Amino acid sequence: MQKSIAPAKALQGSISLPGDKSISHRYAMISAIADGPTRIKRFPAGGDNQSTLRCMEQLGIQVERLPEEVVVHGKGLDGLRASTSDLDCGNSGSTMRMLSGILAAQPFSTTMFGDESLSSRPMDRVMNPLSQMGAKFSARDGRFPPLRVDGGKLTAMRYAPPMASAQVKSCVLLAGLYCEGETVVEEKIRTRDHTEIALREFGADVTSIGNTITLQGRPNLTGNRELTVPGDISSAAFFLVAALLLPGSQITIYGVGLNPTRSALLDFLASIGAQAKILDMGQSCGEIVGDIQMKYAPVRGGLLEGAMTAALIDEIPVLAVLGAVSEEGLTVKDAKELRVKETDRIATVAENMKRMGIEIEVAPDGFHIPGKQKFKAAQCDSFHDHRIAMAFAIAGLAADGPTLIDRAEAASVSFPEFYDTIEQLSS
């Protein structure tokens, strides 16, 4: 599908966003291995989260899809059953990597596969720690999907991930649920803690001291609860940036998740001159939630490196768009993780920037985009990557003519309503 994005003078209005993709994956998986039904409100309709639900159904879990909620009928830690066919994870690396932790402890074997993009993404980062716990794997070229997991009895361990990855941490913790004793993950750089929060909500004993997370094995995970998924701050990033691109803009986004391990986005935007306001703040199911108002303001640009790069890894494509129009530009370092996302996001950001007439200097672990540039109308490509599709649709709002996005349907992986939301705020 090709989508045409017309330039906009300003964005005005209020919106609500789909439920947070990261949290929804975790709720679906943990509720499946808890005892009793869990009602999940604002569960997103995006392809990635639906892949997780379908996988849980193939493993013997009943899922009700109702108009306002999803109900997952959990069967307890030992309630999953072998699937009669391979599990299709679609485009969702989160599904494959985190579900590997649960499947590693099952008394049966499972094979997971995905689309062309997922088939090129490395899985050895989860295979390695889970193998140390006792699981066995086979994969194409030793690290790529399809991924076969031969489950069995696991042994708790202390693990220090070599990269900053919430998915790796999560797969180890989910595997640790099935172990006797303590499973400990020691992070060098703190990553999003949605798994720890969700496990506590279901009754697991999880403690976090600094960057060390300790989980007590074999907990009684209790369903029979109602959860509400906060709005996705990674989705909010596109519209916050759009408001900063277009003079005269003012938008309000309701019910956004403001978890401190994710709200680094707001900290960074404030540090470069943005004027975001939190209008209301509360707590839902252990997660901080609030409304965000953003008004147009010129921004300076800046540097992303180290822990800040890790915290904003999903937002970097759209921050690159903002960097191009900022006063000083944007430099991104320590972002090798971008090379193994749905696409090589350093390469795909650079390609589309060049098509739109934007100067960019690429490095192995990041890039530099000089500031004070203007976007030209162009034909861009999502390369089947939802965040690339959405980032350059936002760039199109500030271009000098209509911008075409090839394979624009990629946005539906996380945000099926994305283009309708742009039109709502532009009208």
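No lab work stands behind these numbers, since they all come straight from the coordinates. This is a predicted model, so every value here is computed, not measured. All Cβ positions, even for glycine, are placed from backbone atoms using ideal geometry, and neighbour counts span all protein chains on display.
Structure notes:
- Straight Cα distances below 13 angstrom link K277 to the aspartates and glutamates D267, D291, with same-chain residues fewer than 8 positions distant left out.
- For the stretch 1-123, the normalised intensity computed at q = 0.18 Å⁻¹ comes to -0.94 (log10 of I(q)/I(0), Debye sum over alpha carbons, equal scatterers, no solvent).
- For M281, M1, M98, M353, order by how many other beta-carbon atoms lie within 10 Å, fewest first: M281, M1, M353, M98
- Cα pair distances of the chain binned at 10 Å [whole percent]: 5, 23, 33, 25, 12, 2, 0
- Length gained on full extension, T212 to R158, computed as 0.36 nm times the residue gap minus the Cα-Cα distance: 18.5 nm.
- Of V349, F202, V71, farthest towards positive along the dipole that unit charges on Lys, Arg, Asp, Glu beta carbons give the chain: V349
- Every Cα-Cα pair of the stretch 179-329 was included, and the share exceeding 27 Å stands at 33 percent.
- Full-extension gain in nm, E423 to S271, via 0.36 nm per residue minus C-alpha separation: 51.8 nm
- Shown is the FRET efficiency for Q62 and K376, computed with R0 = 60 Å from the Cβ-Cβ distance and rounded to the nearest 0.05: 0.70.
- Over the chain, relative contact order from alpha-carbon pairs under 8 Å, at least 6 apart, %: 18 percent
- Neighbourhood net charge (14 Å Cβ-Cβ; Lys/Arg +1, Asp/Glu -1) for G134: 0
- Here the ratio of the Cα radius of gyration of the stretch 106-204 to 2.2 N^0.38 Å is 1.09.
- Taking each residue as 0.36 nm, the span from M1 to S138 lengthens on full extension beyond its C-alpha to C-alpha distance by 45.8 nm.
- Cα-Cα pairs of the stretch 329-427 separated by more than 17 Å (percent): 52 percent
- Normalised by 2.2 N^0.38 Å, where N is the number of residues, the alpha-carbon radius of gyration of the stretch 21-228 equals 0.92.
- Set of aspartates and glutamates with alpha-carbon distance to K169 below 12 Å, sequence-local pairs under 8 removed: E186, E187, D193, E196
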